[in-house]
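Since every read-out is calculated from the coordinates, none of them should be taken as a lab result. None of these values were measured; they are calculated from a predicted model. Ideal geometry is used to build each Cβ from the backbone, glycine not excepted, and the neighbour counts take in all protein chains shown.
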Amino acid sequence: MKTIELTTQIAMKNILFATDFSPASEAPLACAEAFARHYDSKLYLVHVIAPGADQEGAARTPPIPIEQTCHPVQERMSELSRSKGLQGIPHESIIREGDIADTLSDIVRNWGIDLAVLGTHGRHEVQKFVLGSVAEAIFRRATCPVLTVGPRACGNAGGKMKLRRILFGTDLTPTSLAALPLALSLAQEHQAQLTLLWLVHPEIQSPSERHRIKTGYETQLQNLVPEETKRWCQVEAVVNFGLAAEGILQFADRQQTDLIVLGVRGLGVFDWAASHIPSPTAYVVAAQATCPVMTVHDFQTPLNASSESL
């Protein structure tokens, strides 16, 4: 396994914040503001009106004509754009009509978005995000990293960036490692503690086998990190035995993690070969984590970071 190569400077010139104006959008907005201030970014406030849907993303019967929804949406967007937290941040409001996932994907491409910020209601029974059932499609199609902030996650107080502890979950597949350059860059720039976590299925009970696995893979994880990065931030490699989503959430809570970084496949599924867990692992983590979760697809080149072929 080769050491990851990366550039240390992260560029986030354009950040998209998708809102439905619900209370679940408040913490994501605070995070978007914090990233925008730290990276001197322009912030795009985006609301997409889905025909036949209310402002919370739930279908109504009969659907409300689009001309009756535009004016109140414009008023709410104007109010949002004048909010105190946005003072001093270059920002622009975008209101569009259409399929939410398609429209957001188009904006990400056409506006050169470097980071998309979303919120989630964290509804456990269906794992729906604040933008409704379209959120899974947003995960799948995004051509930039996506920062998801769930209902248990706190916003950044005062709009300031606070990344002291970053958790990177991996199983050493190319899919999961696609997000490592971003995790390393963030940790080095913020001089944060970076934990590389690999979860092995708990059915392995033999103490000697567990010791062999932990020793071998902790070494592999450490070898992924350039020595230059280790001089700027504390890096630890951890191999635990447990199911993927549950293990990530529990470890993040214990460590009081400020940001979780995950690599996901283009179909939006975190590739945990040894977990035997159903596909929406990344969505479960994003919906239930007590900190923001940043996901990077395996077809993305995250920000200004780059990696060797693995």
Which distance in nm do the two modelled labels at Gln191 and Ser22 give, with both placed 7 Å along the Cα-to-Cβ direction? 4.0 nm
Sorted on mean Cβ neighbours within 10 Å (highest first), peptides 171-183, 218-230, 190-202 come out as 171-183, 190-202, 218-230
Points 7 angstrom from Cα along the Cβ direction at Ala11 and Lys230: gap in nanometres? 3.1 nm
Pull out the extension gain between Thr215 and Asp99, defined as 0.36 nm times the separation in residues minus the alpha carbon to alpha carbon distance; nm, one decimal. 36.9 nm
Pairs Lys162/Lys214; Lys13/Lys84; Lys162/Lys230: which are spaced more than 24 Å apart, C-alpha to C-alpha? Lys162/Lys214
What ranking, highest mean first, results for peptides 203-210, 243-250 when packing means the other Cβ atoms within 10 Å averaged over each residue? 243-250, 203-210
